[in-house]
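Before any comments, here is the structure.
The values are calculated or read from the model by the stated rules, or taken from the named source; none is laboratory data. This one's a predicted model, so the numbers in the text were calculated from it and none came from an experiment. Glycine also receives a Cβ, built like all others from the backbone with ideal geometry; neighbour counts cover every protein chain displayed.
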Amino acid sequence: MSNPRELLQAHGLWSKKGLGQHFLVDPGIPARIVTAGGAGPEDAVFEIGAGTGVLTHALASRVARVIALEYDRDLVPVLRAQFGGSPHVAIRPGDVRDQDWAAIAEELGQPPIVYGNVPYNLSSPIVAGLIEAGPVWRRACLLLQREFAERVAAPPGTRACGTLSALAALWTHATIAFWVPPSAFLPPPKVDSAVLILERRAEPAADVGDPAVFRQVVKALFAQRRKMARGALKPLYPAAEALLEAAGLEPTRRGETFTLDELAALTRALIAARAAE
């Protein structure tokens, strides 16, 4: 394929700040990303944000099928021109937040491995949407802002943990594969990036009773991180102190100190308390 810089110049294109575009230009990174995600000859892949097609090319050379989504409609014809001779690669315009993951898995005949160079400004809704989509994808390999990736991978009970971390811990096994410097992108971002691997769990990592209630609990706990748990949970359940004690937890602790099992116990206590009302 053409050099990404030359490709953009040839079509009179440049990165659009409003879309958070930072095109991957380091020729060595795409193959490392594909390897980190574990995609092989029998796999089907869904790519988020194909950009100039550098990661798409690396994927297309290794897997059975690729659906590559691109939000920037100016780039779609550029991508289609590159992959017109590759029948196993489909270039589609669209917003990843609008995708029906179950329908994609059905179309591909298997839960896909999801790859993507994710815009920093959309990282949270994209990752949250994937986590909550259910077991309709197998693994995600995402290039993200390093700080964000580290937060998602942070286990409950650690200071970096937040709502997304807790959800990721419940539904996935999250790890950081490697770091990527700003120089790997055009234009270079002001921060380092990281490749995050999310391995989908067949079953949740803890018994939370109701995943929707678990989400309510962790969202309340981390909405006001400086508050003690009894204060943070009060808007969710007025008798928060009694609720925490029923779960065997100290009401003066902060949400970031709770392990996944403790968050699960708290969720089950809330479900039981509501049922008794």
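Worth pointing out:
- For residue 179, the conditions (1) out of contact with any Gly (no Cβ under 8 Å at 6 or more places or on another chain); (2) farther than 30 Å from residue 4 by Cβ; (3) not in a helix (DSSP H, G or I) are fulfilled apart from (2).
- Test: residue in the stretch 150-169 that is within 15 Å of residue 199 (Cα to Cα), part of a strand (DSSP E or B) and in contact (Cβ under 8 Å) with a residue 12 or more places away in the chain: no
- Enumeration of residues in the stretch 31-53 that are closer than 22 Å to residue 6 by Cα and either buried (at least 22 other Cβ atoms within 10 Å of the Cβ) or not assigned by TED's automatic domain parsing to the domain that holds residue 191 (or both): 49, 50, 51, 52, 53
- Residue in the stretch 112-122 that is among the aliphatic types (A, V, I, L, M) and assigned to a helix (DSSP H, G or I) present: yes
- The listed residues are 220, 184, 229, and the only one of them that is buried (at least 19 other Cβ atoms within 10 Å of the Cβ), closer than 22 Å to residue 155 by Cβ, among the hydrophobic types (A, V, I, L, M, F, W, C) and in contact with an Asp or Glu (Cβ under 9 Å, 6 or more places away or on another chain) turns out to be 229.
Conditions tested, residue by residue: (1) touching a Phe, Trp or Tyr at 6+ places or on another chain (Cβ under 8 Å); (2) not in a helix (DSSP H, G or I).
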site: 6; (1), (2): no, no
site: 15; (1), (2): yes, yes
site: 18; (1), (2): no, no
site: 27; (1), (2): no, yes
site: 30; (1), (2): no, no
site: 33; (1), (2): yes, no
site: 42; (1), (2): no, yes
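- Among the residues examined, residue 93 qualifies as in contact with a Phe, Trp or Tyr (Cβ under 9 Å, 6 or more places away or on another chain), in the same structural domain as residue 27 (by TED's automatic domain parsing) and more than 30 Å from residue 266 (Cβ to Cβ).
- Yes/no for residue 255 being surrounded by 15 or more Cβ atoms within 10 Å (Cβ to Cβ) and touching a Leu at 6+ places or on another chain (Cβ under 7 Å): yes
- Unique residue being of a type in the set (A, V, I, L, M), farther than 22 Å from residue 135 by Cβ and part of a helix (DSSP H, G or I) when the list is 236, 221, 249: 221
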